[in-house]
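A short worksheet on the structure shown next.
Laboratory data are not the source of any read-out in this text; all were calculated from the coordinates shown. The structure presented is a predicted model; accordingly, all values stated were derived computationally and were not measured. Cβ sites come from the backbone with ideal geometry, for glycine too, and all protein chains shown count toward neighbours.
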């Protein structure tokens with residue numbers, strides 16, 4: 001075990017818990033350790049790390065051990081150690097190969113807290129302990145539920161990456177080669193990828209997509225169903241309906257050439273390829289164990305938010321997602337593999353990096369990634385200078401008001417800033433200089449107080465304070 005003094009000094013954590021005395025809460029904490037990553041329970045220590053000591057004798061210690069073994073069905077490592085000249089009962093448990101139950105309830109460790117596992121998530125925990133992923137589970141499905149047209153389309157997509165793909169490949173043979181058949185049974189992954197009606201088996205395996213004017217005003221509302229490939233196509237089509245597009249023409253027409261004959265490039269509000277990548281990631285990485293939860297896509301005037309059930313896997317962080325060459329830890333390996341073969345997904349964790357690069361090249365802000373234990377979201381924004389973004393970056397309400405003014409009027413002066421915000425001259429100058437230093441405003445020097453401030457067009461290189 002780690003040094004006891006160091007454990008107490010660092011405080012309670014994902015794998016350390018303090019208890020003043022032994023009780024059922026201690027059993028629940030140990031169960032949560034077994035069900036997560038293992039951990040250490042210290043008896044005789046208050047929540048704040050103050051050592052009050054454990055006064056039990058050998059008989060009390062054996063009673064505790066018996067309770068742990070009989071109730072949790074695990075074998076702990078138990079010892080008495082000295083700290084501040086007082087005894088501390090130290091109980092260690094390893095992560096289990098199956099879930100430990102405490103009086104009919106299941107617990108998990110979340111940060112430095114012990115929480116009961118919701119009933120709807122128990123299946124996911126049991127499967128995870130067995131090392132089985134959702135998409136590899138085989139239930140009572142049949143080949144009649146597989147759509148041959150979906151398989152044929154996949155074969156066309158996969159010609160470059162799937163050497164064994166043949167036009168005359170039978171459905172059953174292909175599913176076996178893709179590891180979508182286990183012990184002669186069709187897997188859940190096969191139904192999602194190639195099923196005639198996947199939602200008949202998995203009602204929430206769909207995309208709920210809508211066009212919003214604001215948080216409560218819904219302009220359009222759609223449910224996208226079918227296999228995963230069809231859901232991707234449907235989402236992209238809706239993006240193109242919801243978004244604005246402009247056209248850029250290459251070169252100049254000569255006298256005999258009409259404008260319509262020239263090659264034109266479509267410029268959408270957001271790069272379609274980046275949105276498509278985000279939708280694919282949501283479909284591949286979502287937690288299908290969360291029954292009743294669906295992927296949601298909200299398209300607003302100034303942003304697009306794509307949210308899928310299930311947080312990041314394997315301890316990955318949002319910061320890691322932004323790094324090139326980060327780890328690739330798909331929650332549903334079979335789904336990811338098939339999309340990779342179909343050249344719809346890259347294998348080496350490049351999806352988020354590609355989205356970032358595509359947005360930079362498009363001249364819009366980098367996408368924002370948000371992670372929670374139960375969900376993950378990607379937000380694409382049109383504008384660098386939204387109120388929410390500026391406030392998150394630490395700017396004052398006065399400064400945000402000034403940026404909004406310049407977006408509408410094109411320019412602001414010190415005098416205009418003071419009249420707009422009510423700030424005194426010194427405060428106005430400080431605020432404006434701060435906006436310039438942080439890459440939001442560009443100063444255009446003129447004589448005296450006529451100095452003008454305009455918006456910088458590129459992405460400001462600043463981070464939240």
Fill in the blank from the handout: Of (1) in contact (Cβ under 8 Å) with a residue 40 or more places away in the chain; (2) in contact with a helix residue (DSSP H, G or I) (Cβ under 7 Å, 6 or more places away or on another chain), residue 78 fails just (1)
Practice task
Residues being in contact (Cβ under 8 Å) with a residue 40 or more places away in the chain and either surrounded by 15 or more Cβ atoms within 10 Å (Cβ to Cβ) or assigned to a helix (DSSP H, G or I) (or both): count how many of those fall in the stretch 149-164.
Solution key: 7
Handout entry: Options 109, 124, 105, 94; residue that is in contact with a helix residue (DSSP H, G or I) (Cβ under 9 Å, 6 or more places away or on another chain) and surrounded by fewer than 14 Cβ atoms within 10 Å (Cβ to Cβ)
Key = 105
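Condition check ((1) out of contact with any strand residue (DSSP E or B) (no Cβ under 7 Å at 6 or more places or on another chain); (2) free of Cβ contacts under 8 Å to residues at least 24 places away in the same chain) across all residues:
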site: 27; (1), (2): no, no
site: 32; (1), (2): no, no
site: 35; (1), (2): no, no
site: 53; (1), (2): no, no
site: 62; (1), (2): yes, yes
site: 67; (1), (2): yes, no
site: 84; (1), (2): no, no
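Among the residues of the stretch 311-320, is any outside any loop (DSSP other than H, G, I, E, B), without any contact (Cβ under 8 Å) to a residue 24 or more places away in the chain, closer than 23 Å to residue 381 by Cβ and out of contact with any strand residue (DSSP E or B) (no Cβ under 8 Å at 6 or more places or on another chain)? Please lay out each step first, then the result.
Applying the first criterion (outside any loop (DSSP other than H, G, I, E, B)) to the stretch 311-320 yields 318-320.
Now narrow it down to the ones that are without any contact (Cβ under 8 Å) to a residue 24 or more places away in the chain: 319-320.
Among the residues that remain, those that are also closer than 23 Å to residue 381 by Cβ are: 319-320.
If we keep only those that are out of contact with any strand residue (DSSP E or B) (no Cβ under 8 Å at 6 or more places or on another chain) as well, we get 319-320.
Yes: one or more hits.
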Exercise for the section: Determine, yes or no, whether residue 330 is farther than 26 Å from residue 181 by Cα and either more than 17 Å from the chain's Cα centre (by Cα) or touching a residue at least 40 places away in the same chain (Cβ under 8 Å) (or both). Expected result: no
Completion exercise
In the stretch 362-416, anything outside any loop (DSSP other than H, G, I, E, B), loosely packed, with under 14 Cβ neighbours inside 10 Å and over 24 Å from the mean Cα position of the chain (by Cα) is listed as 397, 407, 408, 409, 415
